[in-house]
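The values are calculated or read from the model by the stated rules, or taken from the named source; none is laboratory data. Just so it is clear, the structure is predicted and the values come from calculations on it, not from any experiment. Here the Cβ positions follow ideal geometry from the backbone for every residue, glycine too, while neighbour counts run over all protein chains shown.
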Amino acid sequence: MLRCRSVQRVRFDRQRTEIFRKSLMIGVLFAASTAFALASEAEQVAGKIDVRTSDLETAPPAANWLTYHGDYSGRRYSGLSEIGTGNVGQLRAQWVFHVRNSKRLVVTAVVVNGVMFVTAANDAFALDARTGRLVWHHPWPISEGLIDDAAQHVTRGVAVWRDRIYMETDNAHLLCIDARSGSLIWDVPYADWNKNYGATSAPLVVKDKVIVGTSGGDDGVRGFVAAYDAMTGKLAWRFWTIPASGEFGSDSWPGELYLRGGGTTWMPGTYDPELNTIYWGTSNPAPDFEGSVRPGDDLYTDCVLALDPDTGKLKWYFQFSPHDLFDYDAVETPILTDARYKGEQRKLLVQANRNGYLYVLDRTNGKFLSAVPFVEKLNWAKGIDGQGRPIRAEVKPTVAGSRVCPGYAGATNWYAPSYNESTHSMYFLALEECQTFFSKSEPQQFQEGETYYSTGVKHIPGESGKKFLIAYNLETESFAWKYPQVGSGHSSGGTLSTAGGLVFFGDDDGSFEAVDARSGKPIWHFNTGQEFSASPITYAVAGKQYVAIAAGSDIFCFALP
């Protein structure tokens, strides 16, 4: 009897096990079929990508995030409002995509119809924007023998036009890739005559041209902005940021120094379709902190350039830091907005500059309107005069060392600002920091394959940097609020503002954070445990809003439950 019961129990257990196994298989098959359906749908959507000029001109962005800045204006403001001040506390991580070939992602993702495009080193990835699943991967080998920034293999993302995506490689090649399959269409080297060139930017597509820049301003190269035919890859025009002998502004560049003058263009610019003008920032002059060999203003370094996108012709320029001795690049995003300013409706360009001043210009002609310091530690200048030129203090790098504020990293930098027209406020991260700047007793001689700093910078013992998230109200010309950060001041996380009344940003302590756009009150954060070198985006798929940012070597994506 006992044996009979035992046999029955064994049979029962086997039946239960078989039922469980079949149920498990059904669940696995269902999950697999669901994942396959989602993947197939994403791949089908990727096959239908066709981004037109009218799409790129849409502002503000909503479901799609089509450019590095979201739209041409550089405002990084989204019209999505599903996530707002009342429910942002419910945000949850949806997925994480890990990139194996990079320790530090600097990419701002682009999203088109539910497909996300990101880059790491020289590789491009297409992801399902809902799940983070890989749709395709285009590998490209990293380049050997590069120096300085280029040797870090930094890439900030892609540009999209029609069914193609475009990216810059570490050694300044422009790649054109099929957005549907990840296949390479063409490859154009655009700065191969001096091996010190690199590229770290995301391209900008305007009409039928892909506009690119270079890095290497500290390494003895001649900066430029160039445009290539988006279909063929043929060079359309090139604007040199360092004038040759006999050209306007060449008096700062004796002999052949213009070939090594810096003024690189390592961040994407912005574009006004109505004025048909692109606005592009330039970097520091070279040699970096040594000014005796380059007298005068050193045009067109530390400038914003207004260029005709069809021809590359210069319309106007504005120089923020003439004869720069402190590496105060002007590549920070030039935000474009139409607003009432000092009682008059104007087309404005607003930039929080690395030199510690926030500038407002008339973007139709480059006229200087105002400048205000946004950090307290600022000793290189006493102020800005009525024409927008700095009133210089007697501060410069010396052999013994000089205390300079802001420091080498600047009062702000390339990490993205944003602007919300409903609050009239610009949001950006600022760094309070001073450092000791040194110069050499003799100017450094240029050597290909070596940096061209001609100086050194050291931290001041006992002093540390501190970051603030700042809101500047353009209407009242005053700071609405400042939110101090906890950390070492080393993060490079940018900002995003939304119609939900929020400012998202990567804070200085490894957390992705949201604050109230009007008050600066912190509402939500997610600790990534990694340092930020990127800026957030938001997008929607099937009516659901997502927010994403790169941290460390991962892409994090969030949404409401």
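So, in the range 514-541, how many residues would count as being of a type outside the set (Phe, Trp, Tyr) and surrounded by fewer than 24 Cβ atoms within 10 Å (Cβ to Cβ)?
Filtering the range 514-541 for residues of a type outside the set (Phe, Trp, Tyr) gives 514-523, 525, 527-531, 533-538, 540-541.
Filter once more, so that each one left must be surrounded by fewer than 24 Cβ atoms within 10 Å (Cβ to Cβ): 516, 518-523, 525, 527-531, 533, 540-541.
Looking only at that region, the number is 16.
Within the range 51-78, track down each residue that is without any contact (Cβ under 8 Å) to a residue 24 or more places away in the chain and either outside any loop (DSSP other than H, G, I, E, B) or closer than 17 Å to PRO203 by Cβ (or both).
Listed by number, the residues that qualify are SER54, ASP55, ASP71.
Hey, can you tell me all the residues within the range 479-501 that are buried (at least 24 other Cβ atoms within 10 Å of the Cβ) and outside any loop (DSSP other than H, G, I, E, B)?
Result: THR495, LEU496, SER497, THR498.
What's the number of the only condition in (1) under 21 Å from LYS207 (Cβ atoms); (2) touching a helix residue (DSSP H, G or I) at 6+ places or on another chain (Cβ under 8 Å) that PRO268 fails to meet?
The single condition PRO268 does not satisfy is (2).
Could you list all residues from the range 448-465 that are free of Cβ contacts under 8 Å to residues at least 60 places away in the same chain, surrounded by fewer than 18 Cβ atoms within 10 Å (Cβ to Cβ), over 13 Å from PHE289 (Cα atoms) and of a type outside the set (A, V, I, L, M)?
Listed by number, the residues that qualify are LYS458, HIS459, PRO461, GLY462, GLU463, SER464.
Hey, which of the strands (runs of 3 or more DSSP E) in the range 358-434, taking only ones fully inside, have at least 1 residues that are within 23 Å of SER201 (Cα to Cα), touching a Lys or Arg at 6+ places or on another chain (Cβ under 9 Å) and touching a residue at least 60 places away in the same chain (Cβ under 8 Å)?
The qualifying strands (runs of 3 or more DSSP E) are 418-420, 425-432.
Have a look at GLU256, GLU247, GLU274 and point out the one that is closer than 23 Å to THR58 by Cβ, surrounded by fewer than 22 Cβ atoms within 10 Å (Cβ to Cβ) and either modelled with pLDDT under 95 or among the charged types (D, E, K, R) (or both). Even if it seems obvious, please write down each step before you answer.
Working: GLU256 fails: closer than 23 Å to THR58 by Cβ; GLU247 fails: closer than 23 Å to THR58 by Cβ.
Going through GLU256, GLU247, GLU274 in turn, the sole match is GLU274.
Only one residue in GLY198, GLY86, GLY157 is more than 26 Å from ASP50 (Cβ to Cβ) and buried (at least 24 other Cβ atoms within 10 Å of the Cβ). Which one? Break it down into steps so the answer makes sense when it comes.
Working: GLY86 fails: buried (at least 24 other Cβ atoms within 10 Å of the Cβ); GLY157 fails: more than 26 Å from ASP50 (Cβ to Cβ).
Within the list GLY198, GLY86, GLY157, the selection yields GLY198.
Could you check the range 308-341 and list, in sequence order, the residues that are farther than 23 Å from GLY261 by Cα, more than 22 Å from the chain's Cα centre (by Cα) and in contact (Cβ under 8 Å) with a residue 60 or more places away in the chain?
Passing the criteria: ASP310, THR311, ALA339, ARG340, TYR341.
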